[in-house]
Each structure stands twice: as C-alpha cells, then as structure tokens.
Amino acid sequence: MPTITPAFADVTASDSTLRRFLHGLPGVDAVGLEARAASLGTRSIKTTAKAYAIDLAISMIDLTTLEGADTAGKVRALSAKAVRPDPTDRTAPATAAVCVYPDMAGTAVAALAGSGVKVASVATAFPAGRAALGVKLADTRDAVAAGADEIDMVIDRGAFLSGHYLKVYEEIRAVKEAAGSARLKVIFETGELSTYDNIRRASWLGMVAGADFIKTSTGKVGVNATPANTLLMLEAVRDFRERTGVQIGVKPAGGIRSTKDAIKFLVLVNETAGADWLDNHWFRFGASSLLNDLLMQRQKLSTGRYSGPDYVTVD
C-alpha cells in the first residue's frame, strides 16, 4: 500500500480515531464562506490580465465526454480539439487532459500520443460508485493498462454519510495502489454530501488517504461545482500543505460553462490557496462546454468582435 503520511498514522488507526479527527476539524461558517466566495467573485479582471486568465483556464480544462452514447469517433474528435482548440490560431494553448470512460481510454491515448495532453479516466463504477471493491479496482487497472495518466474515482457516499470513514479511507488507498503511477483524483459528489462540514471532512479524508487531487463532483447530479464548495476545498489543500508540506490539486467539475465563471474560480485559487496552484498540474476544470466560450472570448479580445456560430465546434 502507499505510504501513510506519518502525521496521520495515529488518526487512521481505527474508525473511531478517524471519526474523532474528522469531527474535530473546525466547523464551517456557511454564511461567511458564501459571503467570501461571492465577494471574490466580484473582482474585475481586464484586458491583459483577462487574456492571460483565458489562456490559463484553457490549459486547465479536462475536456470531458462521459455519455452512454460515446463512440471512438467522438473521442478522437474531442482529442483533436484538446490538442488544437482553435485550428485557426496556433497560439491557443492545448487543454490539460481528455477525460473519458475506461473503455475509451485506449482510443484517447492513441489519439493524443506525443501531444502532451493527458488522458484521464473515470473509474470505480462512476458516477454512482455502487459496486464491490474488486470491481472498482478492476475498473481502475483496466484504465491504467490502457494508458490512462490519471484516474478520477468516486467515493462511496453512502459509507461516508453513514460515518464509515475508515471504509472510505481504505477504498481510496486501495484505488491509489491500483492506479500505480497514474495521478488519483478523488470525487466527493459535493451535491450529495449536504453540508459544508461534510465537504471539509471529505476533503481531509481524501488527502490523508493519498489523493493527488480532490474533485467536487461528477457533473451528473443537480448541484456540482460552486464557488463556495470550491473555496472550502481550496482552504483544505492550503491548510494540508501548511501541516504536511504536501501539495494537493483541486478540480471543480460540472456547471462551469462561461469565461466569466472560470475567471471567478481562478481568483478563488489565487486569493485562497495562492499562486502555486495557478498551474494545470494543481488546478483543473472538469468541463465539456466551457472551452467553446473561452475560445469565443479569446477571439473577441484579439479581434474586437465575435465570430459567427461556426467559429467553434459543437461538442
């Protein structure tokens, strides 16, 4: 198994010690959290800074297709778009990754070979996570064997909400081991965790268990990434690094569709975790339609006008 951070060896010794640790975390001031997220969202970003922010946001996208109707052709087309988002402008940066189901990972790997764009694959019976551990581990190993660079796993929300924290912890560690050298993003499905206190506990549980990234959501429920839940997770990774020296990434996913919203999230990153996270190794957007709006706003900045409806491809 992966090495346990020495600072948490006692914490993870039993279900009771883990529960004591997680419930001993400071309670979240919901009103204060939402007010700070809203305040940061009013920051005005103009001209040169906006152009920089747009390119940074493009470079942070995990361009995603997670539909039952996905085909190899769709994945190849999405991969081509990830490598060259704007075929008319070679200065547009590539996205960080393409995110697909495990059975499509091999197709994405072949399409992205030599490009530098990563292949991320959802695993562990995404999105519900309702499967035996052996099935989840096989799902993970299949994706890694196909060449996936990153694994996005979902936690067992039922176990978490029932207070079975050690079960969730051990499952994350088992998936981390099965993922090998692939980076592990742990998805909490914040919309199902009900409270900010639970989101804070899930964040620390994921980090203690060895997550390389903590991720808000699957994009498959009503409430996904919000400024407030992302701010809370950014505070968690900041505090975790202060305590352990280990840096963990954050990935808001689902519902971020506009350039304006993406820039708000980047402000949250800078003002909360700091500039060290303003890099696609440490911050990602899980998105399918965000890229199109970023490209249109990018072109508006460079030419002073919007292109017609055919300027960007429809995902």
Span per principal axis, largest first, for the Cα atoms of the chain (Å): 60, 43, 33
Largest-first principal axis extents, alpha carbons of the range 43-113, Å: 42, 26, 17
Extent along principal axes [Cα atoms of the range 180-315; Å; largest to smallest]: 49, 31, 31
Reach of K264 by Cα under 23 Å, taken over lysines that are not fewer than 8 positions away in the same chain: K46, K50, K185, K215, K220, K251, K300
Inter-label distance for K74 and R130, nm, one decimal - labels placed 7 Å from Cα along Cα-to-Cβ: 2.3 nm
Using alpha-carbon coordinates, inclination of helix 259-272 to the longest axis of the chain, degrees: 40 degrees
Folded to 0 to 90 degrees: helix 47-59 orientation relative to the chain principal axis, Cα: 60 degrees
Placed amide H near A287: partners under 5 Å, 5+ positions off or other chain: D62, T64
Surface accessible to a 1.4 Å probe, per residue, for the residues of the range 5-311, Å²: 40 Å²
Between helix 30-40 and the chain: long-axis angle, C-alpha atoms, 0 to 90°, nearest 10: 20 degrees
Net length gained if the chain between V246 and T47 were fully extended (0.36 nm per residue, minus Cα distance): 68.2 nm
The range 5-311, dipole about Cα centre (Lys/Arg Cβ +1, Asp/Glu Cβ -1), debye to the nearest 20: 580 debye
3J(HN,Hα) from dihedral phi, the range 120-128, Karplus parametrisation 6.51/-1.76/1.60, rounded to Hz, x for glycine, proline: 9, 10, 6, 9, 6, 6, 4, x, 7
The range 112-233, relative contact order in percent, only Cα pairs under 8 angstrom and at least six apart counted: 23 percent
V100 accessible area, 1.4 Å probe, all protein chains in place, Å² to nearest 10: 0 Å²
Selected from E242, E150, E189 as most flexible by GNM, with the chain as the system and alpha-carbon contacts under 10 Å: E242
Phi-based couplings in Hz for the range 166-175 (Karplus 6.51, -1.76, 1.60; Gly and Pro marked x): 5, 4, 5, 4, 5, 5, 4, 5, 5, 5
Under the Karplus curve 6.51 cos²θ - 1.76 cosθ + 1.60, θ = phi - 60°, whole-Hz ³J(HN,Hα) for the range 226-242, x wherever Gly or Pro sits: 10, x, 5, 6, 6, 4, 4, 6, 5, 4, 5, 5, 4, 5, 5, 5, 4
The range 5-311 - percent of accessible surface contributed by carbon and sulfur, probe 1.4 Å: 51 percent
FRET efficiency estimate (nearest 0.05) - Cβ-Cβ, V221 to D29, R0 25 angstrom: 0.50
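The values are calculated or read from the model by the stated rules, or taken from the named source; none is laboratory data. Since the model is a prediction, treat every value here as computed from it, not as a measurement. With ideal geometry, Cβ positions are generated from the backbone for all residues, glycine too; neighbour counts draw on all protein chains shown. We work out accessible area using only protein heavy atoms, side chains counted, and drop any ligands, DNA or RNA first. Shrake-Rupley method; radii C 1.70, N 1.55, O 1.52, S 1.80 Å.
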